[in-house]
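Comments concern the structure below.
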Amino acid sequence: MATDAPPPEGRDTSPAQPTAEAFNTVQASAEFADLRRSFRSFAFPLTVGFVAWYLLYVLLCNYAGGFMSTKVVGNINVALVLGLAQFATTFLIAWLYSRHAATKLDPKAEAIKSRMEADA
């Protein structure tokens, strides 16, 4: 239950904050470099791949109108299928990233955070 009462006098209720030196030390550590490498090795290739896939779609829409208007089933053409595949790809990448973050990134980041909070 929340109250509007001020904290007791003379007690600092805020958690201890690491110093700038502590942040610089952690940033220079091999463990942080491993965390950064894990993030980049996942995020950069997927970003490049998705941007290339998106640009391919835009270029096909602009310069391959005959191909994109090819009927697949009924009134559904290639452009519509590829456009919907853009949405599916976006959700797939988001799901893959959340799984990667939960299994690879979060444990490493939590270990670094716990150690910094313990040292502060």
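The values are calculated or read from the model by the stated rules, or taken from the named source; none is laboratory data. All of these numbers come straight from a predicted model, not from anything done at the bench. As a convention, Cβ positions derive from the backbone with ideal geometry for all residues, glycine included, and neighbour counts pool all protein chains shown. Note: accessible area is taken over every heavy atom of the protein model, side chains too, but ligands, DNA and RNA are not part of it. Shrake-Rupley method; radii C 1.70, N 1.55, O 1.52, S 1.80 Å.
A compact table of results
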quantity: Condition check for VAL81: at pLDDT 95 or above, surrounded by 12 or more Cβ atoms within 10 Å (Cβ to Cβ) and within 28 Å of ILE93 (Cα to Cα); calculated: yes
quantity: Meets criteria (closer than 28 Å to GLN27 by Cβ and in contact with an Asp or Glu (Cβ under 7 Å, 6 or more places away or on another chain)) for LYS108; calculated: yes
quantity: Residues of the stretch 94-108 satisfying the condition of being open to solvent by less than 40 Å² (accessible area, probe 1.4 Å) and either of a type in the set (A, V, I, L, M, F, W, C) or not in a helix (DSSP H, G or I) (or both); calculated: ALA101, LEU105
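Residue-by-condition table, conditions (1) modelled with pLDDT of 90 or more; (2) touching a Pro at 6+ places or on another chain (Cβ under 9 Å):
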residue: GLY10; (1), (2): no, no
residue: THR13; (1), (2): no, yes
residue: ALA16; (1), (2): no, no
residue: ARG40; (1), (2): yes, no
residue: THR47; (1), (2): yes, no
residue: SER69; (1), (2): yes, no
residue: THR89; (1), (2): yes, no
residue: TRP95; (1), (2): yes, no
